[in-house]
Amino acid sequence: MMDEKYYSSSEVTRKLDISLRQLYYWELKGIVKPNLITLGSREFKRYSHEDFDTLKKVKRFLDQGFTLTSAVQKVRDGGK
C-alpha cells in the first residue's frame, strides 16, 4: 500500500477544484470507493491514483456540460 500514491479528500478537492460535499456525493453514487485507513481511533479516506483519475475524467465531462450520469457512463465506456 505504501508504494502507491494515495490522495486525501482535501488533496482531491483542491486538485480538481470541487467541494468536499461534491466529492462525498460522487462517492455516495458509487463513482469511487476510497480506502479507509484507521489511525488510532480515527478513520481517514484515501483515494487511489485510479480513483483520482476517474474523478478527474468525470469532472472534465461535467465541465463540458454532461449530466453526472452521462459523465460516469462515458468514463466507464472508456471516454468515448
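Any read-out appearing in this document is the output of simple, stated calculations on the displayed coordinates, not a laboratory observation. This one's a predicted model, so the numbers in the text were calculated from it and none came from an experiment. Methodologically, a virtual Cβ is constructed for each residue, glycine included, from the backbone with ideal geometry; neighbour enumeration extends over all protein chains shown.
Remarks
- Residue within region 6-13 that is surrounded by 11 or more Cβ atoms within 10 Å (Cβ to Cβ), in a helix (DSSP H, G or I) and of a type in the set (Asp, Glu) present: yes
- Candidates in region 23-59 are the residues that are part of a strand (DSSP E or B) and among the β-branched types (Val, Ile, Thr); of these, the one that is farthest from residue 71 (Cα to Cα) is 38.
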